[in-house]
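First comes the structure, then the notes that go with it.
The values are calculated or read from the model by the stated rules, or taken from the named source; none is laboratory data. Source: prediction; values computed, not measured. Please note: Cβ atoms are built from the backbone with ideal geometry, for glycine as well, and neighbour counts cover all protein chains shown.
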Amino acid sequence: MNVYSGECEHGTCGMPTDLIDSTGAPLRVGDIVMVSSQGNGMTPWHHGLSVVVENRPNLTGNAPAPDAYVMGIVSVDVNNDEGWIVTRVKMWEDVVEGEHWKAYGFNYRMPNPRLGQQ
């Protein structure tokens, strides 16, 4: 199963990454995460849900870059930026085909073999 933003394929669910969440748990492509920010010791501000996706130069324009990122905050190093908090709320293996998070811009489905990888 793959993760998509609209019709654009952003990675194969379950692919290991170098990213870890705020609890130290390793993140994989397709994991759903809560993105929050915190500055100067203030209470965290929750931005909403996002998803871990593969970094592909044709999608982000970045080269060189990490193997994966959290959609919406590609320029943030979630492993080292203390102002951002990324916490996994659902593991990729718990996602079901056809799951669609319209408010956050991502969905899950099997690739169409007739169309190939998009």
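For the range 2-25, residues that are among the charged types (D, E, K, R) and not in a loop (DSSP other than H, G, I, E, B) total 2. For the range 1-25, filtered to residues that are loosely packed, with under 11 Cβ neighbours inside 10 Å and of a type in the set (G, A, S), the residue that is nearest to Y104 (Cα to Cα) is G6. Count of the range 19-56 residues, restricted to those that are charged (D, E, K, R) and at pLDDT 95 or above, is 3.
The residue that is surrounded by the most Cβ atoms within 10 Å (Cβ to Cβ), among those in the range 26-55 that are assigned to a strand (DSSP E or B) and of a type in the set (S, T, Y), is S50. State which residue is nearest to G105 (Cα to Cα) when the search covers only the range 61-86 and only residues that are at pLDDT below 90 and under 13 Å from the mean Cα position of the chain (by Cα). Looking at the filtered set, the residue picked out is V74.
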